[in-house]
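The structure appears below as structure tokens.
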Amino acid sequence: MAADDDDRPRAKITHELGQDLSLLSVDDIEARIAALTAEIERLKTDAAKKRASRDAASAFFKT
């Protein structure tokens, strides 16, 4: 089973926190900013959904 995991293609890392940016062009940096901004929005949306679900469950069990 573990061998199957090794055969799957790995996701390409587009940005690593703390990475040296000196070799990147302005276009590359702007593309990374756009990708990271989209990821932040995705995380905020998911956090809001989970918070609403938690709050609904909490309200249900308090009554």
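Return one number: the angle in degrees, 0 to 90 and rounded to the nearest 10, between the long axis of the Cα atoms of helix 26-62 and the longest principal axis of the Cα atoms of the chain. Here the helix axis deviates by roughly 10 degrees. Per-residue extension of 0.36 nm, minus the Cα-Cα distance of Leu24 and Ala47, leaves a gain of 5.1 nm for this segment.
Since only Ile29, Leu43, Ala11 are under comparison, the one whose Cα sits farthest along the positive direction of the charge dipole of the chain, derived from C-beta charges on Lys, Arg, Asp and Glu, is Leu43. When each of the peptides 29-39, 9-19, 49-59 is scored by the mean number of other C-beta atoms lying within 10 Å of its residues, the order from highest to lowest reads 29-39, 49-59, 9-19.
If you put +1 on each Lys and Arg Cβ and -1 on each Asp and Glu Cβ, how big is the dipole of the range 22-63 around its Cα centre, in Debye rounded to 20? The partial results should precede the final answer.
On the way: 8 positive and 7 negative charges, 112 e Å.
Using Cβ point charges on Lys, Arg, Asp and Glu, the range 22-63 gives about 540 debye.
Where does each of Asp46, Asp7 land when they are ranked from fewest to most other beta-carbon atoms within 10 angstrom?
Numbers: Asp46 10, Asp7 6.
Result, fewest neighbours first: Asp7, Asp46.
What is the extension gain from Thr37 to Phe61, computed as 0.36 nm multiplied by their sequence separation minus the C-alpha to C-alpha distance, in nm to one decimal?
Working: separation 24, 0.36 × 24 = 8.64 nm, distance 3.62 nm.
Extra length from Thr37 to Phe61 when fully extended: 5.0 nm.
Across the chain, counting alpha-carbon atoms alone, Rg and Dmax equal 19.2, 58 Å.
Readers should treat all values here as calculations from the given coordinates under stated rules, not as data from a laboratory. Keep in mind that this is a model prediction, so the values were computed, not measured. Note: ideal-geometry Cβ built from the backbone for every residue, glycine included; neighbour counts use all protein chains shown.
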